[in-house]
């Protein structure tokens with residue numbers, strides 16, 4: 001009963017915090033693509049929209065739209081028929097539908113994934129460390145700004161975080177007891193991970209390493225299949241592991257990939273003609289010749305759905321060359337230490353301290369590493385290690401799946417403390433975590449811990465989705481109404497439409513093309529207010545944009561909206 005009460009209180013608090021946060025945000029850059037892709041997959045069985053990600057989490061987010069009146073999907077639109085899916089996605093969300101209402105439905109579905117993940121963190125921590133460490137771990141999870149930020153956005157980041165963690169949790173349970181329930185949970189989570197995001201394929205090395213560790217351990221492997229028995233020998237354990245791997249590969253991966261794509265090789269219904277197949281482009285072949293050859297070999301034999309293989313290829317090529325910003329420097333390919341620094345900058349100090357102590361305790365008690373600690377340290381090491389080799393240095397969200405493992409690891413020092421202090425003192429550990437969340441809430445996406453200067457200093461350290469993902473147009477409109485500002489000169493980076501939020505504006509130079517529409521183009525109004533997205537100051541791929549807006553950073557802003565839009569009073573043209 002105590003556990004049920006804790007989970008109930010957690011669910012209410014987490015949902016309240018996440019919903020209140022996302023209701024204040026306009027669509028982020030990627031959300032229109034994800035929601036449109038999910039709705040197209042559900043209604044048309046068309047998987048061509050943004051093939052860089054598998055469709056299952058997007059379909060989950062778009063599920064309420066099937067029952068929501070007023071949602072229209074105009075497939076006769078020239079943008080759709082011409083294959084201009086990025087522009088169509090914006091039109092679908094902001095012109096063909098009521099964006100805030102539709103987006104809220106999709107975001108709430110992701111919040112539910114956040115609740116499910118919190119439950120798994122609690123269950124695993126309780127089994128590994130006990131009740132009170134599990135309660136503290138759940139509190140750290142609910143107050144971690146990065147968790148709250150991405151649990152309220154329609155992206156694939158939280159889906160892979162849930163299913164990656166769930167796979168390792170049920171693998172750990174299976175390693176202790178080979179039972180139908182544990183195996184079913186393992187297969188289900190692993191299956192969903194590989195169709196949630198392509199980084200789910202990283203489960204392969206993690207699972208293999210952990211199963212090898214299980215074979216090497218000397219304790220018997222219990223089984224509840226048929227009748228209860230123990231397998232003490234390594235040969236019998238090895239047979240069980242081989243059977244598990246075959247099951248995960250055949251049922252959990254191969255079958256699920258086909259099921260996620262509607263058991264069809266073509267990316268869209270055949271009546272759409274040549275657009276139904278995503279062809280390997282020459283630019284992709286040149287960038288990754290060996291991978292392209294392998295993908296073509298798979299495609300020619302129809303071993304996997306075309307949208308899945310080509311989406312994987314596109315994502316891998318894109319990861320090879322991506323401009324990025326870090327601590328005042330720009331790079332066309334990124335840095336190997338980007339994600340470790342991003343983790344240090346954007347993780348709450350309470351979690352960092354507890355995780356650091358956990359690592360020390362693991363090093364001191366290294367002889368017990370294979371019992372429990374390896375099950376949360378190895379996933380962190382593998383996922384973070386692969387991310388460090390990638391050139392996609394644009395957001396902490398790309399290592400979000402390590403966070404539940406980090407929070408689980410925090411249970412180790414808390415477990416060591418519980419034999420020395422009462423539970424009421426343990427609960428005090430949540431006070432600094434809650435206070436640090438309060439420094440940024442409800443603008444959790446732009447969180448930076450106080451050790452590196454807090455969110456106001458974030459733009460000096462990182463950029464892109466770490467700070468500005470186009471989420472604060474609603475906040476800009478609220479500020480304008482409160483300050484009685486009738487017009488703004490705007491340079492906005494994102495996919496939301498200012499017109500939807502009734503923002504009267506004139507488009508500034510080198511802004512997004514869709515802003516410069518009739519009635520919003522022309523010479524800015526001077527003197528007047530200028531609103532500039534933080535991304536424009538740190539656009540790693542456009543030096544000309546940075547040069548245009550950098551002089552504004554030397555001025556004191558009249559307002560900073562959600563840490564992502566800077567507002568200035570300007571008397572005349574500054575460039």
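What FRET efficiency do you get for residue 255 and residue 349 if R0 is 45 Å and r is their Cβ-Cβ distance, rounded to the nearest 0.05? Approximately 0.50, to the nearest 0.05. Please give the helix 157-176 orientation as an angle from the longest Cα principal axis of the chain, in degrees from 0 to 90, rounded to the nearest 10. That works out to roughly 0 degrees. In this structure, residue 201 and residue 77 have a Cβ-Cβ separation that, at R0 = 35 Å, corresponds to a calculated FRET efficiency of about 0.55. The sum of -39500 (n - 2.57) across all DSSP H runs of n ≥ 4, divided by the residue count of the chain, sets its helix-only mean residue ellipticity at 222 nm to -16000 deg cm²/dmol. Here the relative contact order of the stretch 472-570, from alpha carbon pairs under 8 Å that lie six or more residues apart, stands at 28 percent.
A Cα-only calculation for the chain places Rg and Dmax at 24.5, 82 Å.
Give me the percent of DSSP beta bridges within the stretch 466-574 that run antiparallel, rounded to the nearest 5. Bridges in the stretch 466-574 are about 60 percent antiparallel. Here the spin labels are modelled as points 7 Å beyond Cα on the Cα-Cβ line, and at residue 434 and residue 302 they lie 5.9 nm apart.
I need to check one value: relative contact order of the chain, counting alpha carbon pairs closer than 8 Å and at least 6 residues apart, in percent.
Details: 946 pairs, mean separation 93.1, N = 575.
The normalised contact order for the chain reaches 16 percent.
Each residue in 386, 440 was given a count of other beta-carbon atoms within 10 angstrom of its own, and listing them fewest first yields 386, 440.
Which percentage, to the nearest 5, of the DSSP beta bridges contained in the chain is antiparallel?
Roughly 65 percent of the DSSP beta bridges within the chain come out antiparallel.
Structural size metrics of the stretch 324-444, computed from C-alpha coordinates, are Rg and Dmax of 16.4, 52 Å. Between the stretch 498-575 and the stretch 149-214, what is the separation of their alpha carbon centroids in Å? Between the Cα centres of the stretch 498-575 and the stretch 149-214 lies a distance of 43 Å.
The label point for residue 293 and the one for residue 246, both projected 7 Å from the Cα toward the Cβ, are 3.2 nm apart. From least to most packed, judged by other beta carbons within 10 angstrom and beginning with the fewest, 108, 255 follow the order 255, 108. Quotient of the Cα radius of gyration of the stretch 253-399 and 2.2 N^0.38 Å, N being its number of residues: 1.40.
Can you tell me the alpha carbon radius of gyration of the stretch 472-570 divided by the globular rule-of-thumb value 2.2 N^0.38 Å? Let's see the in-between values first.
Numbers: Rg = 12.3 Å, N = 99, 2.2 N^0.38 = 12.6 Å.
Ratio of Rg to 2.2 N^0.38 Å for the stretch 472-570: 0.98.
A crude spin-label estimate for the pair residue 23 and residue 555, with each label 7 Å from Cα along the Cβ direction, gives 3.5 nm. Ordering 216, 507, 190 by the number of other Cβ atoms within 10 Å of each residue's own Cβ, fewest first, gives 216, 507, 190.
Values of log10 I(q)/I(0) for the stretch 1-118 across q = 0.10, 0.18 Å⁻¹ run -0.33, -0.90, by the Debye formula with one identical scatterer at each alpha carbon and no solvent. Compared with the dominant Cα axis of the chain, that is its longest principal axis, helix 543-553 is turned about 80°. Residues within the reach of a label modelled at residue 359 (point 7 angstrom out along Cα to beta-carbon, backbone nitrogen below 15 Å), restricted to the stretch 318-342, are 337-342. The distance linking the stretch 20-61 with the stretch 101-130 is 19 Å (Cα centroid to Cα centroid, whole angstrom).
A short reminder: the numbers here are calculations on the coordinates, not readings from a lab. The model shown is predicted, which means the values in this text are computed figures rather than measured ones. Reconstructed Cβ throughout: ideal geometry from the backbone, glycine too, with neighbour counts over all protein chains shown.
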